[in-house]
Amino acid sequence: QSAKDYILSLFEKHDIVIICERTHPEMTQYDLFTDIIADDRFIDNVGNIFVEIGVSKLNPSLNNFLHSSNLTADSISASITKFQRNASMWPIWSPANYELFYKKLYELNNPMPMEKKVNVYPSDIPFSWPEADSVNIVALKQMLPARDSIIASQVIAGFNDILNAGGDRKKALVIMNYRHAFNQEFSLPGGRLMHNVAYYLFKQYGDRVANVFLNTIKYGNNDSLFLLQQGRWDAAFKSLNKKSAGFDFNGSPFGKDSFDIWPLKNSFTYSDVFTGFAFYQPVENHILSDGRPGLVDSIFKPELMRRVQLISGVGNEFKSKMAGFEKALNSNIPFLNLDEKKKY
């Protein structure tokens, strides 16, 4: 099957399907996501999406926008820019695929009757930059250690609301980045156990959940990059000239391979952690784009600086992360407004 058909077929046996997003700025994966969502099988039978990218306080305003009708191109762009500026618990969310995703969703929804429109539920930590002061930032810092359980609890509450509401669509697609889509307990140095969003969803709903690993690369120390399984997976698809495929890990030689996307020592195989695998576009076709025209204009820039200074004042870990960002904002290089496309 193609990657799209495989992921859609999982909804025949499961109520929730989790896709493991690649590195956030990668663009081609969002072509796959929007292709899945635009399919009649998704519109008729699923219709609900929970996303990691977006604080939960964007609800319900994001759906109000996605369900509105006949907005002008300028209004659509302005609305998406506003949501993107306020999407993250970090001062700004910059990947260009954010605009691509929501523009396509609006265009998909616009001609459809209300009962067919797709719903999107941002599920990250409840936080709002427009309302933020030093007290809110301290509360944010205190929530971070429990971030996965908070995201999972919000997905569970939202999905239970869907189950208890009227209508026929009682299923959901969940898009979570990297480890948040892992379904197992992982041991960290010092013996602490790490529980990810998918772990909590599987614990809550059992076999009603499936999770899918999307082909990607592995980050090492100092952002060095590696192919999974020393390149054997990529070579297998290249030798067959396949750019799209999907299958269960169980019963596949891929599923028996060691779980090497996680850098720490573990005894898991891929079939232990994921239901299935979707290969969509070889790594040499993956495109990274971080920033887009108009994201930080002269009106928004002082607000962005306020956010950077606010979050830098409540902890050394925030301060170190924001130091380079603040330096870049003070330069004459509008790096967040550049439409640059790169390869790994």
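The values are calculated or read from the model by the stated rules, or taken from the named source; none is laboratory data. Worth saying up front: this structure is predicted, and the values here are computed from it rather than measured. Ideal geometry is used to build each Cβ from the backbone, glycine not excepted, and the neighbour counts take in all protein chains shown. We work out accessible area using only protein heavy atoms, side chains counted, and drop any ligands, DNA or RNA first. Shrake-Rupley method; radii C 1.70, N 1.55, O 1.52, S 1.80 Å.
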For D257, solvent-accessible area (1.4 Å; no DNA, RNA or ligand), Å² | 40
Ranked by accessible surface with a 1.4 Å probe, highest first, in what order do S252, S2 come?
-> S2, S252
Would you be so kind as to identify which of P302, N337, G324 lies farthest towards the positive end of the dipole of region 286-344, taking Lys and Arg as +1 and Asp and Glu as -1 on Cβ and the Cα centre as origin?
-> G324
Of the listed pairs K116/K218; K4/K116; K117/K301; K104/K265; K104/K319; K104/K342, which have alpha-carbon separations greater than 29 Å here?
-> K116/K218; K117/K301; K104/K265; K104/K319
Ratio of region 10-69's C-alpha Rg to 2.2 N^0.38 Å, to two decimals?
-> 1.25
Can you give the alpha-carbon Rg of region 146-267 over 2.2 N^0.38 Å, where N counts its residues?
-> 1.24
By a straight-distance test (C-alpha under 19 Å), which aspartates and glutamates pair with K341 as possible cross-link partners, with residues fewer than eight away in the same chain excluded?
-> E21, E26, D31, E99, D223, E284, D290
Taking alpha-carbon centroids only, region 247-299 lies from region 33-94 a number of Å equal to 23
Probe 1.4 Å, all chains present, heavy atoms only: M322 accessible area in Å², nearest 10, is 20
Name the long-range amide H neighbours of F50: under 5 Å, sequence gap of 5 or more, or other chain; modelled H, no Pro or chain starts.
-> Y121, L173, V174, I175
Percent of beta bridges antiparallel (DSSP, the chain, rounded to nearest 5) | 40
Two-decimal Rg to Rh for region 1-119 - Kirkwood Rh, Cα set | 0.95
Return the sequence-ordered ³J(HN,Hα) values of region 56-65 in whole Hz as given by the Karplus equation 6.51 cos²θ - 1.76 cosθ + 1.60 applied to θ = phi - 60°, using x for Gly and Pro.
-> 5, 6, 6, 7, x, 4, 5, 5, 4, 5
222 nm [θ] for the chain, helices only, -39500 (n - 2.57) per DSSP H run of 4+, per residue, to 500?
-> -11500 deg cm²/dmol
Among H180, I137, H14, whose Cα lies farthest out toward the positive end of the dipole of the chain, if unit charges sit on the beta carbon of Lys, Arg (+1) and Asp, Glu (-1)?
-> I137
Read phi for every residue in region 190-195 and hand back ³J(HN,Hα) as whole Hz from Karplus 6.51 cos²θ - 1.76 cosθ + 1.60, θ = phi - 60°, with x for Gly and Pro.
-> x, x, 5, 8, 9, 10
Expected vector for region 224-241, Karplus 3J(HN,Hα) from phi with 6.51, -1.76, 1.60 and θ = phi - 60°, integer Hz, x for Gly and Pro, equals 5, 10, 9, 7, 5, 6, 6, x, 5, 4, 4, 5, 4, 6, 5, 5, 9, 6
